[in-house]
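Contents: one structure, followed by commentary.
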Amino acid sequence: MKEPDLEEEALRLLVRGRDLTVQRQSMGDSVGEVMLTSPSGKTRTLTLSPAEPGVWRSTIEANELGLWHATDGTLNALANVGPANPREFTEVTSTPNVMAPLASATGGDVVRIEDGSGVHVPRLIGVRSSETYKGDDWLGLRMRESSVVRGIGVLPVFGGLLGLLLLVGSLTATWMREGR
């Protein structure tokens with residue numbers, strides 16, 4: 001019939017405020033332990049006690065916000081503890097207005113890459129020191145000079161070793177010719 005309340009075997013997580021109730025419904029005479037996993041990954045084993053015919057329950061305080069998982073090895077249940085609409089999802093529309101005050105206060109700008117007429121990626125330019133870090137078609141990145149390459153020196157690593165081998169080789173050839 002596909003009615004969850006009428007299932008013979010079921011595992012449910014019920015949330016009321018900060019209380020999390022693990023409920024196991026079964027046609028059997030007893031049920032096994034349930035492994036409960038918190039949003040941070042911590043696990044604990046719960047022993048359920050009979051609540052009514054065919055139903056066993058255990059209630060704990062949900063000390064973490066997020067998605068909780070319960071399993072008895074065959075059945076699984078999930079529940080979200082916390083606000084139904086967290087702050088991250090109160091304003092999900094994309095707008096440059098949130099960052100615009102901070103960007104203009106520091107000499108920068110907020111631009112959209114796609115503005116309805118096509119994709120326009122501004123050029124990124126390194127700027128040493130300036131009051132403004134923006135232009136019509138460019139954005140500036142402040143150069144902090146925290147790591148500046150002043151020059152590159154080339155030191156022949158194998159030059160000395162190669163010269164030594166040639167010297168030894170020529171001396172050996174000379175000694176062999178002279179019979180030493």
Over the range 29-42, the set of residues closer than 17 Å to residue 73 by Cα and surrounded by 11 or more Cβ atoms within 10 Å (Cβ to Cβ) is 31, 32, 33, 34, 35, 36, 37, 38
Only one of 59, 45 is exposed (fewer than 10 other Cβ atoms within 10 Å of the Cβ), more than 28 Å from the chain's Cα centre (by Cα) and assigned to a strand (DSSP E or B); which? 45
With the first residue restricted to the range 40-55 and required to be under 23 Å from residue 8 (Cα atoms), and the second required to be among the hydroxyl-bearing types (Ser, Thr, Tyr), Cβ contacts under 8 Å at 6 or more apart or on different chains are 46/58; 47/58; 48/58; 49/58; 54/26
Show me the strands (runs of 3 or more DSSP E) found entirely inside the range 74-168 where at least 1 residues are free of Cβ contacts under 8 Å to residues at least 60 places away in the same chain and either acidic (Asp, Glu) or out of contact with any helix residue (DSSP H, G or I) (no Cβ under 8 Å at 6 or more places or on another chain) (or both). 123-127, 138-142
Residue 72 vs (1) at pLDDT 90 or above; (2) among the acidic types (Asp, Glu); (3) touching a Pro at 6+ places or on another chain (Cβ under 6 Å): all pass except (3)
Considering only residues that are surrounded by 12 or more Cβ atoms within 10 Å (Cβ to Cβ) and either in contact with a Pro (Cβ under 9 Å, 6 or more places away or on another chain) or without any contact (Cβ under 8 Å) to a residue 12 or more places away in the chain (or both), which ones fall in the range 8-28? 10, 12
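The values are calculated or read from the model by the stated rules, or taken from the named source; none is laboratory data. It should be emphasised that the depicted structure is a prediction, and the values quoted were computed from it without experimental measurement. With ideal geometry, Cβ positions are generated from the backbone for all residues, glycine too; neighbour counts draw on all protein chains shown.
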